[in-house]
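Report on one structure; see the data block that follows.
The values are calculated or read from the model by the stated rules, or taken from the named source; none is laboratory data. Computed from a prediction, not measured in an experiment: that's the story for all the values here. Ideal geometry is used to build each Cβ from the backbone, glycine not excepted, and the neighbour counts take in all protein chains shown.
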Amino acid sequence: MNKPVAPMIIRGQIITDNLIDVGGRGGDLIFRTPDAHCYIDQLPLGNPARLADLYSLTFEDILEYTQALGERLEFDTNPYLQEACELSYLTAPVTPTMVKSSYMGLRHMLTREAITEQVELSVGIKYLEGWVRQRLIDGTELEVRCFGARTLHIVAGNATGLSLLTIIRNMVLRSDAIIKAPSNDPFTALAIARTMVDMAPDHPLTRHLSVAYWKGGDQAFEERLYQPQNLEKIVAWGGFASMKHVTRYIQPGLELISLDPKRSASIIGKATFDSEQSMREAAVRLACDIGALNQKACVCARVVYVQSGTDEAGLAQLNTFGRYVYDAMQTLPNTISTAPKSYDPGLKAEVDALRLSDDWYQVIGGKDGEGSVICSQLAEPVSFAARLDDRTANLVPVDELSEMLEAVDAYTQTVGVYPESIKEELKDILPLYGAQRIVSLGYAAGLKWAGPQDAIEPLRRMGKWIVNQIASPQTSPAPWLRPSI
């Protein structure tokens, strides 16, 4: 069987020479790709003045390009996406139905309306189109403009859309991007870039995108590339080890925009138990937040604090609710969630051990590796809460919502809340403990890229905000005319 080839793309040039064998995440696929060491001198843009061609484009020009690209990313007619999808079945952390669904949805990220909304609500289109002038109270005038940057993107591979999101952000900022393809998704960014080369090989947006694969942690390669003369910013998604690794290269002139590893939780208020209907509704919503992407995303619920009460009646409610959640998880659409691709054996051993402690835990499901719901019978999460994965959630009973606040910290990204009414007492206190996103239960995986992410605004951070200060003695106090003391 011939090994698939993942070319390297450097600003419109497709490279298939100097191939070496590399392995995708999990060892299920060996593919061939150009040895990045052979192209270390070609990957950086070099002279920053080469960004100038991007400034011949208007925002409308960029929208026309993205609209045309969206039409070409129709899955049924794009052979690059089809090939990438087939290969990703082996490398992706989720099952084929979810992989294919994500590829089929890529084109919808490129609508004029969606991109315009993202840019207007974060950066502001006028700051990308030219200098925006304003007068300060002392008479000084400031002109502000957002410029693009030479940027390396270390993209996460747990969601296919992240590669396209990175490309969109690069285009609207008029930046030059080098995308380091992840080992669990080495093909998506490449398929999009090849489509761009076919569509408009000489267009500035095509010629300011490079996609390459190299093994993370290759210090000899990275020490040469990760230098301020080559790059101005590194945007890094990833786990704890990879984030610690990339920080070794940060120095004056090279900024790290860190989209750190996170974990998420949910809060179920006591009004949930006022009726069978509200319990069922909350269960379906929670099942979606647990099961989306088979719990491989930071946004997915893992520990769930349930205001059922901790007395005997409260625990009975908790356990019934846990059964509803488990049942609902089994009926989610297969484009959202399925039985996990491979259930972590260490996690399964931990879960199975709890079955022997039924006074302390009620374990619902999980015997066939399909995922499970663990109902604690004390107001404490399981000892392995940080490793919950593969559609495995822990429901923890509490008497008051305030009891869960100490569990929120700087690692807490998304907190799903039900019913909506209790958000009023939570949304001003949860951020003080570290929570970064508060969302209606069931919508955790429905990230809106027009809003902040991980308590920052990535699109704003990826740009360079430049000030032109205009002053004269006639309009602003002159420092050289101050009286001596």
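Residues that are in a loop (DSSP other than H, G, I, E, B) and either in contact with a Phe, Trp or Tyr (Cβ under 7 Å, 6 or more places away or on another chain) or modelled with pLDDT of 95 or more (or both) within segment 184-212 comprise Pro186, Phe187, Ala200, Pro201, Asp202, His203, Pro204, Leu205, listed in sequence order.
Scanning segment 122-173 for residues that are among the polar types (S, T, N, Q) and free of Cβ contacts under 8 Å to residues at least 12 places away in the same chain turns up just one, Gln134. Could you list all residues from segment 45-76 that are out of contact with any helix residue (DSSP H, G or I) (no Cβ under 9 Å at 6 or more places or on another chain) and either in a loop (DSSP other than H, G, I, E, B) or without any contact (Cβ under 8 Å) to a residue 12 or more places away in the chain (or both)? Correct list: Gly46, Asn47, Ala49, Ala52, Glu60, Asp61. Has segment 83-91 got at least one residue that is of a type in the set (Phe, Trp, Tyr) and under 24 Å from the mean Cα position of the chain (by Cα)? Checked against the condition, which is being of a type in the set (Phe, Trp, Tyr) and under 24 Å from the mean Cα position of the chain (by Cα), segment 83-91 yields at least one hit. Looking at this structure, is Pro261 within 30 Å of Leu441 (Cβ to Cβ) and either outside the structural domain of Gly217 (by TED's automatic domain parsing) or assigned to a loop (DSSP other than H, G, I, E, B) (or both)? Judged against the criteria, Pro261 is a match.
Annotation: of all residues in segment 400-424 being out of contact with any helix residue (DSSP H, G or I) (no Cβ under 7 Å at 6 or more places or on another chain) and among the charged types (D, E, K, R), the one that is nearest to Leu286 (Cα to Cα) is Glu420. Outside any helix (DSSP H, G or I), under 25 Å from the mean Cα position of the chain (by Cα) and either among the acidic types (Asp, Glu) or crowded, with 18+ Cβ neighbours inside 10 Å (or both) - does that describe any residue in segment 239-246? The answer is no; no qualifying residue exists.
Taken as a whole, the structure leaves Tyr326 outside the set of residues that are more than 18 Å from the chain's Cα centre (by Cα), at pLDDT below 95 and not acidic (Asp, Glu). The set of residues in segment 91-133 being under 18 Å from Phe147 (Cβ atoms) and not in a helix (DSSP H, G or I) consists of Val123, Gly124, Gly130, Trp131, Val132, Arg133. Selection of segment 383-395 for residues being in contact (Cβ under 8 Å) with a residue 40 or more places away in the chain and out of contact with any Cys (no Cβ under 7 Å at 6 or more places or on another chain) yields Ala385, Ala386, Arg387, Leu388, Asp389, Asp390, Arg391, Thr392, Ala393, Asn394.
Within segment 381-426, the set of residues being of a type in the set (Gly, Ala, Ser), over 24 Å from Met329 (Cβ atoms) and assigned to a loop (DSSP other than H, G, I, E, B) comprises Ala410 only. State which residue is surrounded by the most Cβ atoms within 10 Å (Cβ to Cβ) when the search covers only segment 440-453 and only residues that are within 25 Å of Ala283 (Cβ to Cβ) and under 16 Å from the mean Cα position of the chain (by Cα). Selected residue: Ala444. Among residues of segment 342-362 that are part of a helix (DSSP H, G or I), those with a Cβ under 7 angstrom from a residue that is polar (S, T, N, Q), sequence gap 6+ or separate chain, pair up as Leu347/Thr392; Val351/Ser372; Val351/Thr392.
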